[in-house]
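One structure is given here, and the rest of the page talks about it.
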């Protein structure tokens, strides 16, 4: 017996180009990487395909499993992954989302990589080893000999999974291993020791509390050498083929990011090579941290875009009270507000990618701008993603709360980027540290935000307020989050006024910089061009 007819259900969001994003494509041209548009769209079509989306689901439904010993009791410390994980990794490496820009002499190579990292989003977890491999190269260059040996393999477009000596592989992945139980973000409290050996190597003894992607080939880690906290390179397999005694004790049971393995590690006199001078561990590895922070911003912006297009797709096909959801005034307000937040994050992400590219090519002004703007962006964009994900999920109603929609997985991912590479307080205090120690960074930042001076009175007033906030030194640390929030908003506002769609820029300034706005999404004032904003968010399927 047929109990009911199925109708008014939304078709699957598959078969679209994830790179078909006006803010992304405009930024690609503006930041000097228009030459990468064809490959970006190729990857975007793969990412929006039914197959890739299914790979993402499978990689999370079947998370990695730790095998500490083989059947004979031999220690092996291996992590098993579902085949879908390897397919996602293979695509990412083949398309140069890892360290490829460091071997690419074209201006805009880092911008192209950022855009592709943003557009490839069937699963967030596998982005972790991809991101760390990208970020490892500049830190590794503190030891030219190690860089010459490993950089060609880190930048190679070949995914070569498995535990073998690094020189015997066609491509390598790099990880980071810093956090310890007693210190967390305070890495100077680390207790792992590094004993120098006559052959120039060191032996590490200690633990790490949180090492993501433990199946990588190489790890940059921090340990206390005789000269102080120092950065080291630790391979999982030594040149002679023996396993380095880097023991995987257990995998973390995490809220989200479940496709990616994160492990507790113990070093039992593991062999390591020094990267940078003794006692200079933090300045050495900060090159890596800054680039993974960039990827935290990119990942959060990508997550917002995914939530937005999912909500817009649902609202375009779902009818309620006689009209499609997208035609309901209040839902239009919510969707437009989500779109404004998403585009503000994307335009900032692309500006940071451009600064990273030009900084890597020796531009001192862009280096100064990046120093402050990256910390500001890391704080704010990553903070905004969880609220954005929750609102996007709610647009689907009860359907959005069901795992099959993909929205619960997106929601579980959303808090992570704010925690990784320094939580909100760490990022906010880093902004204050930069302002206090490096006066040139504020000059570079001020030049950027005042480039739009006179174009919007609301933006001009917000810039003046930020300057007043910074001139008042009383309780500045206590007010750090509010100050950094305002820095982020004026930077996003300036970028949107100069480069964004006029309707988006107007809505942003009215709701984020103006005086009359609500705290929840969906509180844009009347007069906003809702249709123009929402049209940029609806994915073209088929």
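Any read-out appearing in this document is the output of simple, stated calculations on the displayed coordinates, not a laboratory observation. No experiment lies behind these values; they were computed from the predicted model shown. When we count neighbours, we look across all protein chains shown, and the Cβ atoms used for this are built from the backbone with ideal geometry, even at glycine.
Taking the 0 to 90 degree range and rounding to the nearest ten, how far is the long axis of helix 439-449 tilted relative to the main principal axis of the chain, both from C-alpha atoms?
With rounding to tens, the tilt is 30 degrees.
Is it possible to state the helix-based mean residue ellipticity at 222 nm for the chain, with each DSSP H run of 4+ residues giving -39500 (n - 2.57), the sum divided by total residues, to the nearest 500 deg cm²/dmol? What is it?
Theoretical 222 nm ellipticity from helices: -16000 deg cm²/dmol.
Relative to the longest principal axis of the chain, what angle (0 to 90°, nearest 10) does the C-alpha long axis of helix 50-61 take?
Helix 50-61 and the main axis of the chain meet at about 60 degrees.
For Cα pairs less than 8 Å apart in space and 6+ apart in sequence, what is the mean separation divided by the residue count of region 283-535, i.e. the relative contact order in percent?
Relative CO of region 283-535 lands at 25 percent.
Using mean Cβ contacts within 10 Å as the protection proxy, how do 448-457, 85-94 order, highest first?
85-94, 448-457
Taking neighbour counts of Cβ atoms within 10 Å as a proxy for exposure, in what order, fewest first, do 426, 528 appear?
By the 10 Å Cβ count, ascending: 426, 528.
Place the peptides 219-229, 251-261 in order of packing, highest mean first, counting for every residue the other Cβ atoms within 10 Å and averaging per peptide.
In decreasing order of mean packing, 219-229, 251-261 become 219-229, 251-261.
Would you list 385, 273, 420 from fewest to most Cβ contacts within 10 Å?
273, 420, 385
Using only Cα atoms, find the angle between the long axis of helix 127-140 and the longest principal axis of the chain, and express it within 0 to 90 degrees, rounded to the nearest 10.
Between helix and principal axis, roughly 60 degrees.
To make sure I understand, if each residue's beta carbon is the centre and we count other beta carbons within 10 Å, what order do 191, 133 fall in, fewest to most?
191, 133
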